[in-house]
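Asker: Submitted below is the structure of interest, expressed as structure tokens.
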There are 2 protein chains.
Amino acid sequence: MPDDRRDDRPEARHLRCFVAVAEVGSVRRAALRLGLAQPTVTEHVRKLESLLGFRVFDRVGRSVVLTEQGRLLLPRARQAVRAVDDVAQGVADAVDAGQGRLTVGAIPTMSPYLLPPVLAKLRAEFPECELVVTEDLTESLLDRLDEHTIEVALLSPPVQHPRIETETLGHEDLLVVAPADRGMDLSTGITLRDLRRYPRISLSAMHCLGAQVESFCARRDLGQQTSCDAAQLETVFELVRLGLGVSLVPAMAVRNRSPKGLCYTRLKRDAPRRALGLGFRAGRSRSALADRFAALVQLEVARPAKRR
Amino acid sequence: MPDDRRDDRPEARHLRCFVAVAEVGSVRRAALRLGLAQPTVTEHVRKLESLLGFRVFDRVGRSVVLTEQGRLLLPRARQAVRAVDDVAQGVADAVDAGQGRLTVGAIPTMSPYLLPPVLAKLRAEFPECELVVTEDLTESLLDRLDEHTIEVALLSPPVQHPRIETETLGHEDLLVVAPADRGMDLSTGITLRDLRRYPRISLSAMHCLGAQVESFCARRDLGQQTSCDAAQLETVFELVRLGLGVSLVPAMAVRNRSPKGLCYTRLKRDAPRRALGLGFRAGRSRSALADRFAALVQLEVARPAKRR
DNA sequence: CCTACCCATCGGGATAACCGATCGATCCTG
DNA sequence: CAGGATCGATCGGTTATCCCGATGGGTAGG
């Protein structure tokens, strides 16, 4: 570990004065250009010479001329000043270009339906950005947000974590999915009562969606009708297709799905919903990429559902 | 002409603190490394954030973590700090490597004899150096020194100029050169008396050497013996070879010359000499190359004359 | 010779840099 | 869960230096 404790190093303003004087060939005019008084420029140049250990100007007559060492210093000083002055603009440019890394997390019941279009648009906007995606259950995402392994998480509010704050972007209906050949009359929608007549395929309660459905069903006296407990939504759909029962699934999972062997409908009244939102670590700034990601998710959530 | 009068630009010390904190991940340890107190580092980082217009660290818990913008800033800040810190060493390296330009002048009666070996050695030592040679009469060299078109001049002190200072490096004898078939007995040297018996080939008095010889001869009652007045030493040698007379020439002009048709000798007593030296513009610093050039000229002048 | 100009110096006032001490919050530990 | 330890932020006060106007010395130009 290097000791940086050297107090005999030049500051940017010393080099700025030197460069200005060298370029205009006059202390006075350099002071004009720098918006400083002439003695200030003189002092800074002398300070620089003292720091560097050699003269950079010869004071000849009533003007100053570069020494050979000064001539060698000039391009280096120019570059150093430029490097210092350009850091801010460089970062701004990098942000505009979308450089940098975005680490996102998403729960499995949203990830495959929301992330692809959003990330595709983000990539299209910022080809240079680096995207790191983590798919995991809510609790793991919260932990990762807390330790900042991920910057933003796509999940269903509300969540229980003291240092995670969420933004709810909207809600989506949970639809009833049933086998296509069950003879249910779906044209006018169905009610809770209809639903009770069929065994229910449930998603594992370790998913927040599973727990939400479970909670909903429990409140509606549908709790004990479960015939299967699947670990992922894809399995739920397949089990329904096989005729083992009906289920409640998020609308986004239905949107682009082939309807073969399945039929979907909305509950007539009191339709269950789940919130869609983003989680952030409280007290941490959000990158430009994260902001843009949030906006794109917002747009995607607000997109009108096109039925088939 | 750009207006540099912006007072909202970072200083090197701000960036130094930022880089240190980012690298060690702790304000306190960064302060240790920088040899500063912790509040100072905090203040500088906050100042930098204020100047840049965005946060570079998230203050999370009892530690600081880079924001995404801070992450983008880090390499740029590192490079800027490095550029500032390296200017001094960079110039030192460039000087050691002999980079830069050396502008030398020399009078025609020294230039072809002293410059080649000296410049060859300089080039061998510093292959990267740029050498600019001007050959002219003393007055022109003085003017060029004054206006600093040349940095150092090889000439014969003393000179008359208020702002030019000279260093005398040594003296050299002026030798008598005569046609080889004149029957002069040179084995024991010759005297002024011998010299008076021959017509004299003189170098033009616009050369300082010509004036010096003229002055010497005038003091010794040899003034009116001139038979020819040549503009350059080469012509003098040729005229002597043709038997038109004898002359006084500098030893260095004889050193590597073919003796065909000529013979040289030193005056027995009261041998004329000329000073060899360097001229510099007073009040101007000397480049490392000029110093080395002076040292090499000194060596060359001190080189023992090897007779043939 | 005299004026005008330029850089260096001087003295003082404003700014910031820098510090020690302290606070509040967090993390670790018993 | 209480206590200590540690870290960063904040607070006053001191010092350094930044910056200025005024002045002096030396040079170029009239």
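The values are calculated or read from the model by the stated rules, or taken from the named source; none is laboratory data. Nothing here was measured: the structure is a model prediction, and the numbers come from that model. Cβ: placed from backbone, ideal geometry, glycine included. Neighbour counts: every protein chain shown.
Asker: Starting from the stretch A:147-173, take each residue that is within 14 Å of chain B (Cβ to nearest Cβ) and closer than 20 Å to A:MET206 by Cα and list its partners that are of a type in the set (Gly, Ala, Ser) and surrounded by fewer than 24 Cβ atoms within 10 Å (Cβ to Cβ), counting only C-beta distances under 7 angstrom and pairs at least six apart or across chains.
Answerer: Filtered contacts from the stretch A:147-173: A:ILE164/A:ALA282.
Asker: Which of the residues that make up the stretch A:67-77 are more than 21 Å from B:VAL104 (Cα to Cα) and either away from DNA strand D (no atom under 16 Å from the Cβ) or more than 7 Å from every other protein chain (Cβ to nearest Cβ) (or both)?
Answerer: If the condition is that a residue be more than 21 Å from B:VAL104 (Cα to Cα) and either away from DNA strand D (no atom under 16 Å from the Cβ) or more than 7 Å from every other protein chain (Cβ to nearest Cβ) (or both), then A:LEU73, A:LEU74, A:PRO75, A:ARG76 are the ones that fit.
Asker: Out of A:LEU102, A:LEU141, A:LEU154, A:LEU73, report the one residue that is buried (at least 19 other Cβ atoms within 10 Å of the Cβ), out of contact with any helix residue (DSSP H, G or I) (no Cβ under 8 Å at 6 or more places or on another chain) and not acidic (Asp, Glu).
Answerer: A:LEU141
Asker: Could I ask something else about it? What about A:LEU15, is it near DNA strand D (Cβ under 10 Å from one of its atoms), among the aliphatic types (A, V, I, L, M) and either at pLDDT 95 or above or touching a Ser or Thr at 6+ places or on another chain (Cβ under 9 Å) (or both)?
Answerer: no
Asker: Which numbered condition in (1) modelled with pLDDT of 95 or more; (2) over 30 Å from B:GLU49 (Cβ atoms); (3) within 11 Å of DNA strand C (Cβ to nearest atom) is the only one that A:GLY61 fails?
Answerer: (1)
Asker: Got at least one residue in the stretch B:41-55 being touching a Ser or Thr at 6+ places or on another chain (Cβ under 8 Å), more than 25 Å from A:ASP8 (Cβ to Cβ), touching a residue at least 40 places away in the same chain (Cβ under 8 Å) and not in a helix (DSSP H, G or I)?
Answerer: Looking through the stretch B:41-55, none of the residues is touching a Ser or Thr at 6+ places or on another chain (Cβ under 8 Å), more than 25 Å from A:ASP8 (Cβ to Cβ), touching a residue at least 40 places away in the same chain (Cβ under 8 Å) and not in a helix (DSSP H, G or I).
Asker: Report yes if A:GLY53 is out of contact with any Asp or Glu (no Cβ under 9 Å at 6 or more places or on another chain), at pLDDT below 95, on the phi > 0 side of the Ramachandran plot and within 10 Å of DNA strand D (Cβ to nearest atom), otherwise no.
Answerer: Considered against the rule, which asks whether it is out of contact with any Asp or Glu (no Cβ under 9 Å at 6 or more places or on another chain), at pLDDT below 95, on the phi > 0 side of the Ramachandran plot and within 10 Å of DNA strand D (Cβ to nearest atom), A:GLY53 comes out as no.
Asker: Only one of these conditions is not met by A:HIS148: (1) of a type outside the set (Val, Ile, Thr); (2) modelled with pLDDT of 95 or more; (3) at positive phi. Which number is it?
Answerer: (2)
Asker: Now for a separate question. Here are some residues: B:GLY261, B:GLY279, B:GLY283. Which one is crowded, with 19+ Cβ neighbours inside 10 Å and of a type outside the set (A, V, I, L, M, F, W, C)?
Answerer: Going through B:GLY261, B:GLY279, B:GLY283 in turn, just one is crowded, with 19+ Cβ neighbours inside 10 Å and of a type outside the set (A, V, I, L, M, F, W, C): B:GLY279.
Asker: Which one is farthest from A:GLY90 (Cα to Cα) among residues in the stretch B:84-94 that are surrounded by fewer than 22 Cβ atoms within 10 Å (Cβ to Cβ) and within 8 Å of another protein chain (Cβ to nearest Cβ)?
Answerer: Looking at residues that are surrounded by fewer than 22 Cβ atoms within 10 Å (Cβ to Cβ) and within 8 Å of another protein chain (Cβ to nearest Cβ), I get B:ALA94.
Asker: Let me ask something else about it. If we keep just the residues of the stretch B:21-30 that are assigned to a helix (DSSP H, G or I) and more than 12 Å from DNA strand C (Cβ to nearest atom), which is farthest from A:ASP86 (Cα to Cα)?
Answerer: Residue satisfying both the conditions and the ranking: B:ARG29.
Asker: Ok, one more. Only one of (1) surrounded by fewer than 18 Cβ atoms within 10 Å (Cβ to Cβ); (2) within 15 Å of DNA strand C (Cβ to nearest atom) fails for A:THR67. Which number is that?
Answerer: (1)
Results for (1) of a type in the set (A, V, I, L, M); (2) in a helix (DSSP H, G or I), shown as yes or no for each residue.
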{"residue": "A:ALA205", "(1), (2)": "yes, no"}
{"residue": "A:LEU209", "(1), (2)": "yes, yes"}
{"residue": "A:SER215", "(1), (2)": "no, yes"}
{"residue": "A:GLU234", "(1), (2)": "no, yes"}
{"residue": "A:PHE293", "(1), (2)": "no, yes"}
{"residue": "A:PRO304", "(1), (2)": "no, no"}
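Asker: Now for a different question. Taking the stated definitions as given, is B:VAL64 closer than 18 Å to A:ASP93 by Cα and within 14 Å of DNA strand D (Cβ to nearest atom)?
Answerer: So B:VAL64 does not fit the description; no.
Asker: Scan the stretch B:7-30 residue by residue and report those that are closer than 17 Å to A:ASP8 by Cα and more than 8 Å from every other protein chain (Cβ to nearest Cβ).
Answerer: Those that are closer than 17 Å to A:ASP8 by Cα and more than 8 Å from every other protein chain (Cβ to nearest Cβ): B:HIS14, B:CYS17.
Asker: Which one of the conditions (1) in contact with a helix residue (DSSP H, G or I) (Cβ under 9 Å, 6 or more places away or on another chain); (2) more than 11 Å from DNA strand C (Cβ to nearest atom); (3) not aromatic (Phe, Trp, Tyr) does A:GLU11 fail to meet, given that it meets all the rest?
Answerer: (2)
Asker: Next up: Residues of the stretch A:18-48 being more than 9 Å from DNA strand D (Cβ to nearest atom), of a type in the set (Lys, Arg) and within 20 Å of A:ARG71 (Cα to Cα), which ones?
Answerer: A:ARG28, A:ARG29, A:ARG46
Asker: Follow-up. Residues being more than 9 Å from chain A (Cβ to nearest Cβ) and near DNA strand C (Cβ under 8 Å from one of its atoms): count how many of those fall in the stretch B:31-58.
Answerer: 9
Asker: May I ask you to list pairs of residues, at least six apart or on different chains, whose Cβ atoms are under 6 Å apart, with the first in the stretch B:93-115 being of a type outside the set (A, V, I, L, M, F, W, C) and the second being surrounded by fewer than 19 Cβ atoms within 10 Å (Cβ to Cβ)?
Answerer: Between residues of the stretch B:93-115 that are of a type outside the set (A, V, I, L, M, F, W, C) and residues that are surrounded by fewer than 19 Cβ atoms within 10 Å (Cβ to Cβ), the close pairs are B:GLY98/B:GLU128; B:GLN99/B:GLU128; B:ARG101/B:GLU130; B:THR103/B:VAL132; B:GLY105/B:THR134; B:PRO108/B:GLU135; B:SER111/B:GLU135.
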